[in-house]
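Visitor: What follows is a single structure, and I will ask about it in a moment.
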Amino acid sequence: MPRQKKISKKSIRKIKAAKPEKEELLLQSPRGMRDILPADQIYWQQVRRVSEKAAADFGYRRIDVPLVEFTNIFSRSIGEGTDIIDKEMYSFSTKGGEKVSLRPEFTAGIARAYIQHGMHVSPKPVKLYYTGPCYRYDRPQEGRFREFFQFGCEALGEQDPVIDAQMIQMGWRVIYQLGIKNVRVNVNSIGCPSCRKSYRNLLIHYFESKKQKLCIDCKRRLETNPLRILDCKEDKCVQVRASAPQSIDHLCEECRTHFKELLEYLEELEIPFELDSNLVRGLDYYTKTVFEFMSVSESGEEKRKNALGGGGRYDGLVKMLGGENTPAVGFSLGLDRLAAEMKKLGARIYKEPKPRVFLAQLGVFAKKKSLKMFEGLERSGIRVAESFGRGSLKSQLKVADRLGVEITLILGQKEAIDQTVIVKDMASGNQEIIDAGKVIDEIKRRLKK
RNA sequence: GCGGCCAUCGUUCAAUGGCAGGACAUUGGGUUGUGGUCCCAAGAACGAGGGUUCGAUUCCCUCUGGUCGCCCCA
């Protein structure tokens, strides 16, 4: 018998294959894009709840910006020559011939909105938060997707380092409140354009003299992006840069003071931070403060670091896009990574509310009545479950049992006619018949106990 | 964009150049309108396309996807 089945299946496949006009339907999400299934939503909901609460607590107001912007908004702000712009953007032309891209991050769009809506006339700082998907055409791996979700805050129009500190405080707090206790904050200052430039030259000069000792990639970086040599993982490069000039030693007076004050604020906040002179962030618009949130886990001897988010100051961005000179600072968190980290750590999350009552029905007439009764229960705030599609009482009770409800209401043909309902206590198995009109009061009374 | 590893029911794990099997989950049943345990049954998979072969899920190639490392980043 099974043989027969197999043959027929195969021949079906052949018949299908023989229809060339029918395009193959791939039941598969595109690479790097995934479904977030109900089972994982508890983590995501918690992430959204905690982050939005923190934003509101600190006086940030939500802004939604388009998923699509003109491509040059991104290329100008993030910078030509960065991987994000050069190879990771989803760019396309519209039917009207406009060159647009899916956002690879939020900050550029927000700076655009700030300028477009004349927010510079609002009281400073303008505090905004956002959350939503971003897109980067990158090779997926753990914690990295082509569609990923970010939450972040931006404060525009304030140069005081106290706001930098507050940003770090917020990001750290969100992560911590999600139950991820092994968070570390790395901070650094990369200076303003003028002191960064001289530091950059110093660095090039230094590495140029030790060029032979660098790895192949770093030799290339020396030309393209010398700052990035600082976070190369190759042993020999680590050694070479040990005595490399550090950016914080070459800050101008203003940048130095700014950074010093930031560190003082952080100490005051008692946030466990570390100075990481090798921290440079890949986006062009950063100035002065840069920081990163890492989760550090030790599995065996291996220390695993996982970047959960980061941010920094971008004093030049708004002007670069054509607005007024506007100092600004922001951070963003990777929601996918937060949710994954929570799950990995088995972080305590509040449980999904469970139904406490089950409504079983028997017969056509009773089913009609049940539909109405369900609404009444649900409206009075009782979490009630049902399985109206099922026929037998047995299978319905099975479902009720599996759901772990405390009470099951049974409404059969007889009860429906008599205007009554059976109330069954699931723990004891005892049941009694009560007046249908008194169901809600009776349930409420019982659930209170 | 480059390299390594991987791909079997919904999930997880087997086996096999000649009928692909178990567990968990799902659905139904173990006589009338009563759950948990138990028992029985059913449905359910070789990622796609080529090649080698009498015959491929198995061997080879390509693609797709996953994963890890590089690049980069959240």
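Every read-out reported here was derived from the displayed coordinates using simple, explicitly stated rules and does not represent laboratory data. Owing to the predicted nature of the structure, the values given are computational and were not obtained by experimental measurement. In this analysis, Cβ positions are derived from the backbone assuming ideal geometry, glycine residues included, and neighbour counts consider all displayed protein chains.
Visitor: Can you tell me how segment A:357-448 classifies by the Cα gyration tensor, rounded, prolate or oblate, using a/c under 1.5 as the rounded cut?
Guide: rounded
Visitor: Output the peptides A:375-383, A:191-199 sorted from most to least packed, where packing is the average of other Cβ atoms within 10 Å over each peptide's residues.
Guide: Answer by packing, highest mean first, reads A:191-199, A:375-383.
Visitor: Once amide H atoms are built 1.01 Å from N in the peptide plane, which residues 5 or more positions from A:Gln150, or in another chain, come under 5 Å H to H?
Guide: A:Gly132, A:Cys134, A:Leu335
Visitor: Just to be sure I understand the model, the point goes 7 Å from the Cα along the line to the Cβ. What's the resulting A:Glu208 to A:Ala427 distance in nm?
Guide: So the label points at A:Glu208 and A:Ala427 sit 8.0 nm apart.
Visitor: Right, next: Relative to the Cα centre, what is the charge dipole magnitude of chain A, using +1 at the beta carbon of each Lys and Arg, -1 at the beta carbon of each Asp and Glu, and rounding to the nearest 20 debye? Don't skip to the end; give the middle numbers.
Guide: Details: 79 positive and 60 negative charges, 578 e Å.
Approximately 2780 debye in magnitude.
Visitor: If you don't mind, another one. At 0.36 nm per residue, and after removing the present C-alpha to C-alpha distance, how many nm does the segment from A:Thr257 to A:Ser380 gain when stretched out fully?
Guide: Gain on extension, A:Thr257 to A:Ser380, equals 38.3 nm.
Visitor: Using only DSSP helix segments of four residues or longer, with each worth -39500 (n - 2.57), what per-residue ellipticity at 222 nm results for chain A after dividing by its residue count and rounding to 500?
Guide: One gets -12500 deg cm²/dmol as the mean residue ellipticity at 222 nm.
Visitor: Now a separate question. Would you please give the residues with an amide H less than 5 Å from that of A:Cys192, counting only those at least 5 places away or on a separate chain, with H modeled from the backbone geometry?
Guide: HN-HN under 5 Å from A:Cys192: A:Cys252, A:Lys288.
Visitor: Using 24 Å as the Cα-Cα cut-off, could you pick out the over-long pairs in A:Lys87/A:Lys197; A:Lys213/A:Lys288; A:Lys354/A:Lys449; A:Lys127/A:Lys319?
Guide: Cα-Cα > 24 Å for A:Lys87/A:Lys197; A:Lys213/A:Lys288; rest within.
Visitor: Let me ask another. Short version: ³J(HN,Hα) in whole Hz for each residue of segment A:312-326, in order, from phi by Karplus 6.51 cos²θ - 1.76 cosθ + 1.60 (θ = phi - 60°), x for Gly and Pro, what are they?
Guide: Coupling constants for segment A:312-326: x, 8, 9, 4, x, 5, 4, 5, 4, 8, x, x, 6, 4, 9 Hz.
Visitor: Next question. Roughly what % antiparallel, to the nearest 5, for the DSSP beta bridges in segment A:357-448?
Guide: On the way: 9 of 17 bridges.
So the antiparallel bridges amount to about 55 percent of the total.
Visitor: Under 1.5 on a/c is rounded, so check that first for segment A:360-407, then, if it is not, pick prolate when a/b is larger than b/c and oblate when it is not; a ≥ b ≥ c are the square roots of the alpha carbon gyration tensor eigenvalues.
Guide: Judged from the Cα gyration tensor, segment A:360-407 comes out oblate (a/c at least 1.5, b/c at or above a/b).
Visitor: Where does each of A:Met33, A:Met426 land when they are ranked from fewest to most other beta-carbon atoms within 10 angstrom?
Guide: Going from least to most buried by this count: A:Met33, A:Met426.
Visitor: Also, I was wondering about something else. Would you please classify the overall shape of segment A:390-444 from the alpha carbon gyration tensor, given that a ≥ b ≥ c denote the square roots of the eigenvalues, rounded means a/c under 1.5, and beyond that prolate means a/b larger than b/c while oblate covers the rest?
Guide: oblate
Visitor: Considering only A:Ser297, A:Ser277, A:Ser243, give the residue with the highest GNM mean-square fluctuation for chain A, with springs between Cα atoms whenever their separation is below 10 Å.
Guide: A:Ser243
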